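Enquirer: I have a structure I would like to understand better, so I am pasting it below and will then ask my questions one at a time.
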Amino acid sequence: MLDRILPINIGNGVTLHLINTKKFKTSLVSVYLQRPLTQEEVTKNALISMILPRGTKRLETSKDIAKYLENLYGTSIGSNVSKKGERNIINFRMQVINEIYIDEKHILEKGIRTLNEFINDPLIEQGHFKTEYLNQERANLTEKIEGRKNDKMKYAYERCIEEMCKNEAFSLYEYGNVKDLKEISDITLFMHYENLLKSSPVDICVVGDISNIDIQKMIDRNMKFKINKPIAVEREKLFNKSEKVKNVAEEMDISQGKLVIGYRTNIPFESELYEPLIVYSNILGGGPNSKLFKNLREKESLCYYIFSRIEKFKSLMLISSGIEFDNFDKTVDLVGMQIKDMNNGNISSEEIESAKNAIITAIRSMTDSPGMLADFYYTQIISNNQDNMEEIINKIRKVNKETIVEAGKNIKIDTIYFLRDKKEDN
């Protein structure tokens, strides 16, 4: 069982969240810096998330870091960048063994102190990040951005969002773009880093068996954030269906087509119809028991894979599938027929129960790792939602056929994206 303590304001713009559980043999400290998702910042934020773990004033090299963490019983420290709706999140994590399993004491505090060094006391040379490290991470980030196309399914999904949300912040790729990356200098990156520390709202989630530890005092002693004026990150703007369905085709040297159909659900996550929407999407394309899987893949043999997914913060539903190029029109038509069929009430009680069970299993699986648990609660935090897992599960259980149909009738098609092979006449 989880024992979540209410948020603790520990300073201007810094909030501590404690998730007490005896399930894990480790303790996790996860620090989230929240930024608006903007063209001006997104590439810099990605680069900062990659360069900060390279070294601190005390631990200057990867060898120094590895040796020190090994002596802390294999403590791990890392960072990443993500987008949650139109929020750009920079995340730093430290995971350390629980002291009850070892003889050494204060290991959690040592880990927190080290995590703080990576965030607030990085290796600096001549007023900026070490040039050697910056050049290496710039090359690594370039490779990551250019390597997007290697995963065709994910690439098509992201490209549909980019076309669907053109001129909206949600269209931005979380790792930025190569053009902006080339223009970032040593000085401008370090100046941006300093601004991040002064103005980013910070949430610290601690997960583990921490009932007998005064985590607040430990954080106060070892994590030194000096936020002058935390910025306010606004709620995403939601848009209705465009007047005309966008059809976007992109050509690539591939053997299998990637079709992604984007819908505006017109149901914000604050709505009472949000849980029915989640169940609707699962019935439609949530797995092997879904309508799309049974009818398009098994019955018609049109797809290699097909699934439906909700983008919570932007109120979108995307249906993604892998198909033969010649099956494009038929697949689009049959997807539309399945949605129309559901909106007419053709949903069985067995389908509803199967979808609910699948969703509840997925929610409970988030307790399987400290990282997933911290991310779950952080998502709740930025959603201004105090519901715990059991409360969310109860809302799912209460969903009925009428509300599922009502949710479905709000969904409007927006964009059809198709990644296909290069035409011979090109």
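A short reminder: the numbers here are calculations on the coordinates, not readings from a lab. What you see is a predicted model; the values in this text were computed from it and never measured. Cβ placement follows ideal geometry from the backbone for every residue including glycine, while neighbour counts extend to all protein chains displayed.
Enquirer: How large is the convex hull of the Cα atoms of the range 3-222 per residue, expressed in Å³ as a whole number?
Expert: For the range 3-222, the hull spanned by Cα atoms encloses 145 Å³ per residue.
Enquirer: Antiparallel versus total DSSP beta bridges in the chain: what percent is that, nearest 5?
Expert: 80
Enquirer: State, in angstrom, two size descriptors of the range 246-421 derived from its alpha carbons: Rg to one decimal place and Dmax to the nearest whole number.
Expert: 16.7, 48
Enquirer: Ranked by Cβ crowding within 10 angstrom, fewest neighbours first, how are Leu172, Leu419 ordered?
Expert: Result, fewest neighbours first: Leu172, Leu419.
Enquirer: Using just the alpha carbons, could you tell me how many Å³ per residue the convex hull of the chain encloses?
Expert: 158
Enquirer: Follow-up. Rounded to the nearest 500 deg cm²/dmol, what is the calculated helix-only ellipticity per residue at 222 nm for the chain, with -39500 (n - 2.57) per DSSP H run of length n ≥ 4?
Expert: -12000 deg cm²/dmol
Enquirer: Further question: Full extension from Asp326 to Tyr101: what is 0.36 nm times the residue separation minus their Cα-Cα distance, to one decimal in nm?
Expert: Fully extending the segment from Asp326 to Tyr101 adds 75.0 nm.
Enquirer: May I pose another question? When ranked by the protection proxy of mean other Cβ atoms within 10 Å per residue, highest first, what sequence do the peptides 174-181, 388-395, 307-314 form? Before the final figure, lay out the partial values.
Expert: Details: 174-181: 17.4, 388-395: 14.9, 307-314: 20.1.
Listed from highest to lowest mean packing, they are 307-314, 174-181, 388-395.
Enquirer: Would you work out which of Asn45, Ile392, Ile306 lies farthest towards the positive end of the dipole of the chain, given +1 charges on the beta-carbon of Lys and Arg and -1 on that of Asp and Glu, about the Cα centre?
Expert: Value: Ile392.
Enquirer: Could you sort the peptides 156-163, 193-200 by per-residue average Cβ neighbour count (10 Å cutoff), highest mean leading?
Expert: Highest to lowest by the protection proxy: 156-163, 193-200.
Enquirer: Moving to a separate point now. Would you please give the FRET efficiency between Tyr68 and Gln136, computed as 1/(1 + (r/R0)^6) with r the Cβ-Cβ distance and R0 = 25 Å, to the nearest 0.05?
Expert: Working from the Cβ atoms, E equals 0.75.
Enquirer: Please work out the C-alpha center-to-center distance from the range 147-222 to the range 1-66 and express it in whole Å.
Expert: 11
Enquirer: Let me ask you something else. For Ile204, Ile10, Ile359, what's the fewest-to-most ordering of other Cβ within 10 Å of each Cβ? Kindly include the intermediate steps, with their values, before the conclusion.
Expert: On the way: Ile204 25, Ile10 18, Ile359 21.
Sorted ascending by nearby Cβ count, the order is Ile10, Ile359, Ile204.
Enquirer: Can you tell me which lysines have their Cα less than 21 Å from the Cα of Lys25? Leave out same-chain residues fewer than eight positions away.
Expert: Correct list for Lys25: Lys105, Lys110.
Enquirer: Could I ask something else about it? Whose amide H sits under 5 Å from the amide H of Glu311, counting only residues 5 or more places off or on another chain, with H placed in the peptide plane?
Expert: Sorted by chain and number, the residues that satisfy this are Leu316, Met317, Leu318.
Enquirer: Using Cα-Cα distances under 8 Å and only pairs 6 or more residues apart, what relative contact order does the chain have, in percent?
Expert: 21
Enquirer: Here's something else I'd like to know. Does the range 318-426 come out rounded, prolate or oblate by the C-alpha gyration tensor, with a ≥ b ≥ c the root eigenvalues, rounded set by a/c under 1.5 and, if not, prolate when a/b is larger than b/c and oblate if not?
Expert: It is oblate, given that a/c is not under 1.5 and a/b is not larger than b/c.
Enquirer: Where in the range 387-418 does the label zone of Leu238 land, with the point 7 angstrom along Cα→C-beta and an amide N cut-off under 17 Å?
Expert: 403-414
Enquirer: Could you tell me the extents of the range 111-264's C-alpha atoms along the three principal axes, largest first, rounded to whole Å?
Expert: So the extents along the principal axes, rounded to whole Å, are 56, 40, 32.
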